[in-house]
Amino acid sequence: MKATWTTLTSFPPAIRLLVVNQLGVNVGFYMLLPYLAGYLRDDIGLSATLVGLVLGVRNLSQQGLFLVGGSAADRLGARGVIIAGCGLRAVGFAVFAVGGSLPALLAASVLTGLAGALFNPAVRAYLAEAAPERRAEAFALFNVFASAGALLGPLLGSALLLVDFRAAAIGATVVFAALTVAQLLVLPPHPVTRSGQSVGRDWREALTDGRFLAFTVALSALFALQTQLYLVLPVQAEAAAGTALAVAALFVVSTVVTLVWQVRLTGWLRQRGSRGVSIAAGSAVAGLGFLLPLLPVTGPPPVRALPTLVAALALAVGVMMAQPFVLELVPGFARDGLTGTYFGVFYLASGVVAALATTAVGRFMQTGGQPDGAAQGVPAGAWLLCAGLGLACGAAVWALHRRGLLAPRTVPTTAGKAAR
């Protein structure tokens, strides 16, 4: 943790604010969202279909509008879009707190989804442009504080649920309102560089950038693996151990490892290898981890859950190895004035692939077929699919690296991009 603190204090105040701000963003988000489905079903009395509709609208509003949020950051300035995103999420969570009708719940879902679509590309674009020579370090810190928030949020939310769901919603609203005010007061404006063309041409430029699209498609598989921390890993852990405490252990292990080692690992990899190699190796490590639950295990429940716990650890390590360098490279493909747009395309594609992959994994989970001696739970096909995604991602990134198709470290000028 000392290395994390030292690295954090070495950055200017704007970056420190955004990194710590991500802690608050995830605290507020995870105070509410993990408990929303249960509230809609048990307290509001919605059918399973309507619960799925409300949650689906939120997800579609966010994933489908990432490109809009990225373009807004490029055109209007990342600072204003970040503030607008946090403010909208505060409003959306407030509507969840006071509204119980289906129209109100759908409106809250749209607002919270749109908020994420605005905030996520904008904050990454701001970090990338504010620290062009230290992007990997900035994004490593970003990952540390995001992970801490994702752990603290559900704990605070569960405590507020002892009162009721509305208390959790009000708590999340207060968090985002405070973040909005803090950014208004402290976050400095960042210069806006115009692309010199229409929004449509911006989108076409990003969507027809072959090298960037190849990189994006390859890394979307790693993004899909990250979502399995909420699907196959907790299902398997609870089935093997026979208790929901095993699920909590997955999140604690992943978070603690990230908090302690992310900054050190990023610095070590940065000094000893290329970014492409680190991303490829991290993707492979994450993928290979999903083979561990297939191993035959015997013994008491905690022992049977151990392969799943180690798989979660391998996923965390793989993401730690790859993610800061992925986020460092994304803006390197973009010319001046298109950083937010490129982040928007990256997260839009990653969200689509993650949804498709999760659907495929879900189908495999219904088929059965564990090897003899393996802990019962998730079928073998789901684990093999996840492992294949990680290995395919690693192989694709390695091929791009070997062919010299990955972006440079620093933010290129327009002339610099033309010269590559």
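The values are calculated or read from the model by the stated rules, or taken from the named source; none is laboratory data. Source: prediction; values computed, not measured. Heads up, the Cβs are rebuilt from the backbone with ideal geometry, glycines too, and the neighbour counts pull from every protein chain shown. These area figures cover heavy atoms from the full protein model, side chains too; ligands, DNA and RNA do not enter into them. Shrake-Rupley method; radii C 1.70, N 1.55, O 1.52, S 1.80 Å.
Could you check how many residues of the range 391-420 are in contact with a Gly (Cβ under 8 Å, 6 or more places away or on another chain), open to solvent by less than 40 Å² (accessible area, probe 1.4 Å) and modelled with pLDDT under 50?
Qualifying residue count for the region: 1.
Being surrounded by fewer than 23 Cβ atoms within 10 Å (Cβ to Cβ) and modelled with pLDDT of 85 or more is the filter here; which residues of the range 247-259 pass it?
249, 251, 252, 253, 255, 256, 257, 259
Of the numbered conditions (1) at pLDDT 90 or above; (2) open to solvent by 10 Å² or more (accessible area, probe 1.4 Å); (3) hydrophobic (A, V, I, L, M, F, W, C), residue 48 fails exactly one; give the number of that condition.
Against the list (1) at pLDDT 90 or above; (2) open to solvent by 10 Å² or more (accessible area, probe 1.4 Å); (3) hydrophobic (A, V, I, L, M, F, W, C), residue 48 comes up short only on (1).
Which residue, of 115, 138, 169, 122, is buried (at least 21 other Cβ atoms within 10 Å of the Cβ), among the small types (Gly, Ala, Ser) and touching a Cys at 6+ places or on another chain (Cβ under 9 Å)?
On the way: 138 fails: touching a Cys at 6+ places or on another chain (Cβ under 9 Å); 169 fails: touching a Cys at 6+ places or on another chain (Cβ under 9 Å); 122 fails: touching a Cys at 6+ places or on another chain (Cβ under 9 Å).
The match here is 115.
Do we find that residue 331 is part of a helix (DSSP H, G or I), open to solvent by 10 Å² or more (accessible area, probe 1.4 Å), more than 15 Å from residue 258 (Cβ to Cβ) and in contact with a helix residue (DSSP H, G or I) (Cβ under 6 Å, 6 or more places away or on another chain) in this structure?
no
Which residues, counting only those in the range 367-390, are modelled with pLDDT under 60 and open to solvent by less than 20 Å² (accessible area, probe 1.4 Å)?
Residues satisfying the conditions are 374, 375.
Restricting to the range 260-290, and then to whatever is among the hydrophobic types (A, V, I, L, M, F, W, C) and within 11 Å of residue 316 (Cα to Cα), can you tell me which residue is most open to solvent (accessible area, probe 1.4 Å)? Full working, then the answer.
Going through the range 260-290, the residues among the hydrophobic types (A, V, I, L, M, F, W, C) turn out to be 260-261, 263, 265, 268-269, 277, 279-281, 284-286, 288, 290.
Adding the requirement that they be within 11 Å of residue 316 (Cα to Cα) leaves 261, 285-286.
Details: 261: 137, 285: 54, 286: 0 Å².
Only one residue tops the list, namely 261.
Residue check: is residue 200 open to solvent by 20 Å² or more (accessible area, probe 1.4 Å), part of a helix (DSSP H, G or I), at pLDDT 90 or above and closer than 30 Å to residue 397 by Cα?
Values: open to solvent by 20 Å² or more (accessible area, probe 1.4 Å): yes; part of a helix (DSSP H, G or I): yes; at pLDDT 90 or above: yes; closer than 30 Å to residue 397 by Cα: yes.
Judged against the criteria, residue 200 is a match.
Looking at the range 204-246 only, could you name the residues that are within 14 Å of the chain's Cα centre (by Cα) and either surrounded by 18 or more Cβ atoms within 10 Å (Cβ to Cβ) or of a type outside the set (Phe, Trp, Tyr) (or both)?
The first filter runs over the range 204-246 and keeps only residues within 14 Å of the chain's Cα centre (by Cα), leaving 219-230.
Those that are within 14 Å of the chain's Cα centre (by Cα) and either surrounded by 18 or more Cβ atoms within 10 Å (Cβ to Cβ) or of a type outside the set (Phe, Trp, Tyr) (or both): 219, 220, 221, 222, 223, 224, 225, 226, 227, 228, 229.
Hey, any hits in the range 88-106 for a residue that's at pLDDT 95 or above, under 30 Å from residue 266 (Cβ atoms), surrounded by 18 or more Cβ atoms within 10 Å (Cβ to Cβ) and within 20 Å of the chain's Cα centre (by Cα)?
Yes, the range 88-106 contains at least one residue that is at pLDDT 95 or above, under 30 Å from residue 266 (Cβ atoms), surrounded by 18 or more Cβ atoms within 10 Å (Cβ to Cβ) and within 20 Å of the chain's Cα centre (by Cα).
Does residue 74 qualify as being crowded, with 21+ Cβ neighbours inside 10 Å and at pLDDT 85 or above?
Details: crowded, with 21+ Cβ neighbours inside 10 Å: yes; at pLDDT 85 or above: yes.
In short, yes.
One residue is enough: does the range 28-42 have a residue meeting the conditions at pLDDT 90 or above, open to solvent by less than 20 Å² (accessible area, probe 1.4 Å) and closer than 26 Å to residue 136 by Cβ?
no
Would it be correct to say that residue 319 is open to solvent by 50 Å² or more (accessible area, probe 1.4 Å) and part of a helix (DSSP H, G or I)?
In short, no.
In the range 31-57, which residues are under 24 Å from residue 155 (Cα atoms), part of a helix (DSSP H, G or I) and in contact with a Leu (Cβ under 8 Å, 6 or more places away or on another chain)?
31, 35, 36, 37, 40, 51, 54, 55
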